[in-house]
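**Q** What follows is a structure written as structure tokens; I'll ask about it next.
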Amino acid sequence: MVPLISPLQYRPKHGGRTAFGYDAILLPRICEVILDADKAGATRAGAQKKLVEMAAILIRAFARIGVIALVDEATGYQQDRARDELNRILEAYISKELLPWTRRFPDEFFKHVYLLHDWEYKEGSVQTPRYLGKLINRTVYEPMPPGVLAELRRLNPKTYGGYRKYQHHRFLTPDTGHPHLDKQIVAVTTLMRVADSKDRFWELFDRAFPKKGQQIKLDYGESEPLEIKD
């Protein structure tokens, strides 16, 4: 439900005002739900049957597109297309210059993080648990399009002290990167609010933002204070 209630902001190619959209993978998933409901006899004649027909048409179209993708992979064209896509993503998300500092993470986000992990929260304190930065990367930056977090780490490497000189969000673009960041923070805060334990939160998070390959849960261990940059 989180992707459905948290649309992504983007700037249309024709220009104009910022628009809202959704991850394209949601469309086939919605079609599958409609077809499964029809197979179970849960759809009614009329408008719902029309939706079933449209879902079937889309699923067949997706299958044809999948064949094209397989051919592209076999011929090597997919690699060229992937590089072009990555360049477009980074151009949209990564700012060409370091932006001035502005507060992006609200107090509510940190309060729910501390509450969920039974950490003592002191408003205004610069001392934070050492794993807070890892949690932010895992829940806020990793769900962004592929390549964004890697580029942020390249532009904002760790110092000899083990933390980064700047906040990652200062390298994001105001029109695409920051709106996506804000939406992600709201989504993660919502999941923390409804979760009654740390394990329950990660279960909800992995459902809302599935990670390709092996899913990794952070081992928090002892929460030693450390001044970090998010």
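Rule-based calculations on the coordinates, nothing more; no lab input. Computed from a predicted model, the values in this text were never measured in an experiment. Every residue, glycine as well, gets a Cβ built from its backbone with ideal geometry; the counts of neighbours run over all protein chains shown.
**Q** With label points built 7 Å along Cα→Cβ from the Cα atoms of residue 121 and residue 103, find their separation and express it in nm.
**A** Result for the modelled spin labels: 1.4 nm.
**Q** Mind giving me the FRET efficiency for residue 42 and residue 1? R0 is 25 Å, r the Cβ-Cβ distance, nearest 0.05 is fine.
**A** Rounded to the nearest 0.05, the efficiency is 0.80.
**Q** Find how much the distance from residue 196 to residue 49 grows on full extension, using 0.36 nm per residue of separation minus their present alpha carbon separation; answer in nm with one decimal.
**A** Difference between extended and current length: 49.0 nm.
**Q** If you don't mind, another one. Subtract the Cα-Cα distance of residue 186 and residue 90 from 0.36 nm times their separation in residues, and report this length gain in nm to one decimal.
**A** Length gained between residue 186 and residue 90: 32.3 nm.
**Q** To the nearest 20 debye, what is the magnitude of the charge dipole of region 107-194 about its Cα centre, counting +1 on the Cβ of each Lys and Arg and -1 on the Cβ of each Asp and Glu?
**A** 400
**Q** Shifting gears a bit: Going highest first, how would you order 2-14, 42-54 by mean Cβ packing within 10 Å?
**A** Highest-to-lowest ranking by the protection proxy: 2-14, 42-54.
**Q** Next up: Could you give the size of the charge dipole of region 145-200 about its Cα centre, using +1 on the Cβ of each K and R and -1 on the Cβ of each D and E, expressed in debye and rounded to the nearest 20? Each step should come with its number before you reach the end.
**A** Working: 10 positive and 5 negative charges, 58 e Å.
So the magnitude is around 280 debye.
**Q** For a quick size check, give me the Cα extents of region 1-69 along its three principal axes, largest first, whole Å.
**A** 43, 31, 22
**Q** Moving on. Return the whole-Å distance between the Cα centroid of region 1-23 and the Cα centroid of region 137-174.
**A** Taking the Cα centre of region 137-174 as reference, the centre of region 1-23 is 22 Å away.
**Q** Residue separation times 0.36 nm, minus the C-alpha to C-alpha distance between residue 134 and residue 83: what's the value?
**A** Numbers: separation 51, 0.36 × 51 = 18.36 nm, distance 2.73 nm.
This chain segment gains 15.6 nm when fully extended.
**Q** Another question, then. How high is the FRET efficiency from residue 206 to residue 59, r the C-beta distance, R0 22 Å, rounded to 0.05?
**A** Details: r = 25 Å, r/R0 = 1.16.
It comes to 0.30.
**Q** Can you pick out the pairs among 39/183; 158/211; 13/165; 39/211 whose Cα atoms lie more than 27 Å from each other?
**A** Details: 39/183 35 Å; 158/211 24 Å; 13/165 34 Å; 39/211 29 Å.
Beyond 27 Å: 39/183; 13/165; 39/211.
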